[in-house]
Amino acid sequence: MKRIATIGVYGFTAGAFLEKLTDGGVGLLLDLRQRRGVRGPDYSWANAVRLQRALAAAGIGYRHVKELAPTTELRRLQYREDDRLGVGKRDRAALAPEYTERYIREILDPFDLGALAAGLPDGPATALFCVERDPPACHRSLVAERLRTGHGLPVAHLRPD
């Protein structure tokens, strides 16, 4: 049976991140970031090359699905809303309604999620990956919800302890 998990960077150390993936039965990580880096020394382990090396050592596959990443324009729209609310990206609790509507219309609706779902492995979970700690604050939750409702895939959200 195919299963979906979601996971972000914030709140994890490299070791805790890999442990959470392993404990969650994840066999494949889909990177949904446009730019596959994270600023700051605390999260340098999540930069694409380092992350891919660590995942490979843990026996977890990696695939970049840039087509599901928000555009620069959409990210800027969300940052403006974060500024208006006085919250930082790392503290965001939810996506802006306009961001959500546009992400679904501009990115998620045109994407062939059926083909993606059909190509996912049976057995081990597939993790949708971005940076935000909490799924409702990240576009990965929109992808996960569509996979759940449109394709019947169970979803688990992996968070830092």
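Just one of (1) part of a strand (DSSP E or B); (2) hydrophobic (A, V, I, L, M, F, W, C); (3) touching a His at 6+ places or on another chain (Cβ under 6 Å) fails for Leu29. It is (3).
Under the condition of being over 15 Å from the mean Cα position of the chain (by Cα) and surrounded by 18 or more Cβ atoms within 10 Å (Cβ to Cβ), the residues counted in the range 103-113 number 0. For the range 78-95, a tally of residues being more than 16 Å from Cys130 (Cβ to Cβ) and surrounded by 14 or more Cβ atoms within 10 Å (Cβ to Cβ) returns 2. Got at least one residue in the range 38-58 being within 17 Å of Thr6 (Cα to Cα) and in a loop (DSSP other than H, G, I, E, B)? No: the range 38-58 contains no residue that is within 17 Å of Thr6 (Cα to Cα) and in a loop (DSSP other than H, G, I, E, B). Candidates are the residues of the range 114-152 that are modelled with pLDDT of 95 or more, of a type in the set (A, V, I, L, M) and not in a helix (DSSP H, G or I); the one that is nearest to the chain's Cα centre (by Cα) is Leu128. Pick from the range 59-75 the residues that are assigned to a helix (DSSP H, G or I), under 18 Å from the mean Cα position of the chain (by Cα) and charged (D, E, K, R): which of them is nearest to Glu132 (Cα to Cα)? For the range 59-75, the residue satisfying everything is Arg75.
The values are calculated or read from the model by the stated rules, or taken from the named source; none is laboratory data. What you see is a predicted model; the values in this text were computed from it and never measured. Backbone-built Cβ (ideal geometry, glycine too); neighbour counts: all protein chains shown.
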